[in-house]
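Note sheet for the following structure.
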Amino acid sequence: SEWFFGRALLEQAVSDPSRLALTRRDRAILFLDVRSFTAWSETQSPETVVAVLNGYYDDAEAAFARHAPIRFKFSADEVMAVFADPAVALAAARELAASQPRSLGGHGLGAGIGLHWGPVVEGLMGARNLKYFDVIGDTVNTAKRIEGAAGPGEILASEAFRAAGRLDTGGARSIEVKGKAAPLAVHSID
């Protein structure tokens, strides 16, 4: 169960099972994804790919141990994390960006990071016999699209994230993203 939920979420579920019920909440969503991973993987043995991913996951897990997301998950070269507080999400993002040279740099790789804040529905969802704890909503989709616009080692945050976290940043830039009717304003975070 700890592997499935993560220690923090499992402890909450044991102490109060209603914590797993579908609930609408405002959350900070972080996505981290390796750039040019497919092209790089094509030239590597599966064992090398797994070794690099495991180092990347180890760095993410270490950052999350210090910054306590509600939930995080790995999917191939992508990491997603959900936070209750934008400031904590930003601290984790900065640590993840700083760890990239160690886990990815020796292989000529880097990852982009996207942050967004807004409403999601979180809790157990799925079919009758298989359920999982996840978050769903446009906030999640938007965070993923923002991450897709970030360069290797870059952290991009939405205007909603900047406002919720009360961040002082430089000027915004506009990005066009798949599935959105209008461009998004994003801020590059140091």
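The values are calculated or read from the model by the stated rules, or taken from the named source; none is laboratory data. Worth saying up front: this structure is predicted, and the values here are computed from it rather than measured. In this analysis, Cβ positions are derived from the backbone assuming ideal geometry, glycine residues included, and neighbour counts consider all displayed protein chains. These accessible areas exclude ligands, DNA and RNA; they are computed on the full protein's heavy atoms, side chains included. Shrake-Rupley method; radii C 1.70, N 1.55, O 1.52, S 1.80 Å.
A residue that is farther than 22 Å from ALA68 by Cβ, among the basic types (Lys, Arg) and assigned to a strand (DSSP E or B) can be found somewhere in region 118-138. Scanning region 40-71 for residues that are over 16 Å from ALA98 (Cα atoms) and open to solvent by less than 60 Å² (accessible area, probe 1.4 Å) yields a total of 10.
Do the conditions hold for ALA97, that is, is it part of a helix (DSSP H, G or I) and either hydrophobic (A, V, I, L, M, F, W, C) or in contact with a Phe, Trp or Tyr (Cβ under 8 Å, 6 or more places away or on another chain) (or both)? It is true that ALA97 is part of a helix (DSSP H, G or I) and either hydrophobic (A, V, I, L, M, F, W, C) or in contact with a Phe, Trp or Tyr (Cβ under 8 Å, 6 or more places away or on another chain) (or both). State yes or no: is GLU154 among the acidic types (Asp, Glu) and within 15 Å of the chain's Cα centre (by Cα)? Criteria met by GLU154.
Mind telling me which of the residues ALA149, ALA143, ALA111, ALA157 ends up being at pLDDT 90 or above, touching a Pro at 6+ places or on another chain (Cβ under 7 Å) and either within 14 Å of GLU78 (Cβ to Cβ) or among the aliphatic types (A, V, I, L, M) (or both)?
Values: ALA149 fails: touching a Pro at 6+ places or on another chain (Cβ under 7 Å); ALA143 fails: touching a Pro at 6+ places or on another chain (Cβ under 7 Å); ALA157 fails: touching a Pro at 6+ places or on another chain (Cβ under 7 Å).
Just a single option satisfies the conditions, and that option is ALA111.
Applying a threshold of 6 Å to beta carbon distances and a minimum spacing of six or more residues, or different chains, the list of pairs starting in region 32-55 at a residue that is farther than 22 Å from ALA81 by Cα and among the small types (Gly, Ala, Ser) and ending at one that is assigned to a helix (DSSP H, G or I) and open to solvent by less than 40 Å² (accessible area, probe 1.4 Å) reads SER41/VAL49. Only one residue in GLY126, GLY148, GLY170 is without any contact (Cβ under 8 Å) to a residue 12 or more places away in the chain, open to solvent by 30 Å² or more (accessible area, probe 1.4 Å) and of a type outside the set (Phe, Trp, Tyr). Which one? So the residue among GLY126, GLY148, GLY170 that is without any contact (Cβ under 8 Å) to a residue 12 or more places away in the chain, open to solvent by 30 Å² or more (accessible area, probe 1.4 Å) and of a type outside the set (Phe, Trp, Tyr) is GLY126.
Does region 93-100 contain any residue that is open to solvent by 40 Å² or more (accessible area, probe 1.4 Å) and closer than 18 Å to TRP117 by Cβ?
From region 93-100, those open to solvent by 40 Å² or more (accessible area, probe 1.4 Å) are 94-95, 98; that's our starting set.
Next cut, closer than 18 Å to TRP117 by Cβ only: 94.
Among the residues of region 93-100, at least one is open to solvent by 40 Å² or more (accessible area, probe 1.4 Å) and closer than 18 Å to TRP117 by Cβ, which makes the answer yes.
Scanning region 129-151 for residues that are under 12 Å from the mean Cα position of the chain (by Cα) and of a type in the set (A, V, I, L, M) turns up VAL135, VAL140, ALA143, ILE146. Restrict the check to region 106-113 and report whether at least one residue is over 15 Å from the mean Cα position of the chain (by Cα), among the aliphatic types (A, V, I, L, M) and within 26 Å of THR142 (Cβ to Cβ). Yes, some residue in region 106-113 is over 15 Å from the mean Cα position of the chain (by Cα), among the aliphatic types (A, V, I, L, M) and within 26 Å of THR142 (Cβ to Cβ). Counted as qualifying within region 1-94 are the helices (runs of 4 or more DSSP H) with 3 or more residues that are at pLDDT 95 or above and either at positive phi or under 19 Å from the mean Cα position of the chain (by Cα) (or both), namely 46-67.
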